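Contents: one structure, followed by commentary.
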Amino acid sequence: MTFLDTNVILRYFVWDDPVKGERARRLFARIHAGRERVMTSVLVVAEVVWVAESQYGYPKVKLIELLQRFLNTPNLEIDRKDLLLAAVNLFELQPIDFIDAYHAVLMQTLGIQQIYSYDTDFDHVAGLRRIEP
């Protein structure tokens, strides 16, 4: 098992560096074929979303496609993958950014029904009450 970092994932999806992009493509082919097993984290996924959106201008619909493809990669383990998949669903259905969607899903999983926040994204999440301090 090998840890998969943000920049390799971005090279695979964004393809802004043809040499690194091709090497990342070959790695993902090995992963898909079961010749490699990799693991990554929630923070790596969050960083991929942030960079794809802020640096490469990915619109929400393209981010959702990227996330769904990546999270369903065979032979890829991700801590809290269940929460990430639920966050992608919430991100797709509501006017909320991905990080807030993840936090909303995490709160729901933990039975937390209130959040101190000035971020109105949370107002769109059923069963969650936003409180301004």
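The values are calculated or read from the model by the stated rules, or taken from the named source; none is laboratory data. In this text the structure is predicted, and so the values were computed from the model without any measurement. Heads up, the Cβs are rebuilt from the backbone with ideal geometry, glycines too, and the neighbour counts pull from every protein chain shown.
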**OP:** Scan segment 104-120 residue by residue and report those that are exposed (fewer than 11 other Cβ atoms within 10 Å of the Cβ) and free of Cβ contacts under 8 Å to residues at least 12 places away in the same chain.
**Re:** Leu110, Gly111
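Quick one: which residue in Leu83, Leu66 is at pLDDT below 95, surrounded by 18 or more Cβ atoms within 10 Å (Cβ to Cβ) and closer than 29 Å to Glu36 by Cα? Give the derivation first.
On the way: Leu83 fails: at pLDDT below 95.
Being at pLDDT below 95, surrounded by 18 or more Cβ atoms within 10 Å (Cβ to Cβ) and closer than 29 Å to Glu36 by Cα holds for just one of Leu83, Leu66, which is Leu66.
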Subject >> Restricting segment 1-23 to residues that are of a type outside the set (Phe, Trp, Tyr) and not in a helix (DSSP H, G or I), the residue that is surrounded by the fewest Cβ atoms within 10 Å (Cβ to Cβ) >> reply: Met1
